[in-house]
Amino acid sequence: MEYRTLGRTGLSVSAVGLGGEWLAGKSADEVSAVFDAAISAGMNYLDLFMPEPEVRSNIGQALSGRREKMLIQGHLCTVYEDGQYTRTRDLSQTKAAFEDLLSRLQTDYVDVGMIHYVDSAEDYAAVFESDIIRYALSLKEEGKIRFLGLSSHNPDIALRAVRTGLIDVLMFSINPAYDFEDSSTDIYAQIEFAGLKGDGMHRLNSARQDLYGFCEAEGVGIVVMKALAGGRLLDASQSPFGKALTVSQCIHYSLTRPGVTSVLVGCSSPAEVEEAAFYCAASDAERDYAFVFSGNPQIQTAGKCMYCGHCKPCSAHIDIPVVFKLLDLALAAEETPETVAGHYASLEYDADDCIECHLCERNCPFGVKIAERMSRARRVFG
């Protein structure tokens, strides 16, 4: 398993984590088997938004005696009402549901308290202009949550939230289809890939790129949901690209976006856990997602680094995708953030080492003028 630091939290988090949504309706033994497989594979990060009493209790039982093996991201504002999940901004309901979560998980804290599903301006106000945010911050002060998070599918609202400085961890929906959607598309339209229909030209969504860059620069760790788009990207007949990706390719796409720490894959069986964890053993060829974009007349990526790594190997040993990711972050900001400059300074080989042999440009499927961009990186980073 690969591990990454979750932004400014300092937590060491598995690059592939466990989404708990598919554990609802499973028996206690089935849930335990999933956690046995996940912990054995090295997964140490769990997202748990489901309010159903049985699934919470089953997870608590599965983690009994090994709570320290799993960092838990537990959601606020998700409740069980009339026999089903619902979202709430009612303070009393939120408090009761969170105390129930701790009780059923047999713990006195969660590592990340995740404010659940904030996607609209009205929802933002209902959280950040109410007692909900004050309650969440009080939980952090009391140690019942170690860090504060927020989940969203809307890049504009998510950016507004992280700009408050209160959010340590952002849970966001990222996959190659969503990144080419119109920023106004809501989650239900996203699921149907509504923004990729028709014969128009589709470019990377600038609002989403701005969000990822801001989180990277400010140390807000991003954990990814919807990386497989509910499995649709694994099926050529449902994929908007007309091509099927593998689980490893979907995971790798998300992990190569700025700011991303971990991809949380919903698993309902040990076999699905093993399929997700295989990412860490996959070869570069097995991780490669570039084929989805290159040669697709509706997807505009010409001259744009997609961080796919096809430019490698570099005769000067420069990690070209990392240099260009940092360059893009610096160019997106009015002035180079200290964190970005620090990451660049820590590179063993950087743009100063480029010998302009142009071998990398022959390999790039997107026509990036790599030598020119290396020259620009030298100017930007001094």
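Numbers below:
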| item | result |
| --- | --- |
| Residues of region 304-382: accessible area per residue with a 1.4 Å probe, Å² | 55 |
| Burial ranking of peptide ranges 18-27, 40-49 (average Cβ count within 10 Å, highest at the top) | 40-49, 18-27 |
| For peptides 6-16, 79-89, 140-150, sequence by mean Cβ density within 10 Å, most packed first | 6-16, 140-150, 79-89 |
| Free-standing Cys residues across the chain, given no other cysteine C-beta under 4.7 angstrom | Cys77, Cys215, Cys250, Cys267, Cys280, Cys305, Cys308, Cys314, Cys354, Cys357, Cys364 |
| Computed Rg/Rh of region 31-89, alpha carbon atoms with Kirkwood Rh | 1.02 |
| The chain: mean projected area of Cα convex hull, nm² | 18.6 |
| Residue-averaged [θ]222 nm for the chain, counting only DSSP H segments that reach four residues, each worth -39500 (n - 2.57) | -11000 deg cm²/dmol |
| With every protein chain in place, region 113-198: carbon and sulfur % of accessible area (1.4 Å) | 49 |
| Share, in percent, of DSSP beta bridges within the chain that are antiparallel, nearest 5 | 20 |
| Relative compactness, region 256-382, computed as alpha-carbon Rg over 2.2 N^0.38 Å | 1.19 |
| Percentage, to the nearest whole number, of Cα pairs in region 1-146 over 23 Å apart | 35 |
| Computed lengthening from Ala207 to Ser12, 0.36 nm per intervening residue step minus Cα-Cα distance | 67.4 nm |
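The values are calculated or read from the model by the stated rules, or taken from the named source; none is laboratory data. It should be emphasised that the depicted structure is a prediction, and the values quoted were computed from it without experimental measurement. Every residue, glycine as well, gets a Cβ built from its backbone with ideal geometry; the counts of neighbours run over all protein chains shown. Surface accessibility is based on the protein's heavy atoms, side chains included, excluding ligands, DNA and RNA. Shrake-Rupley method; radii C 1.70, N 1.55, O 1.52, S 1.80 Å.
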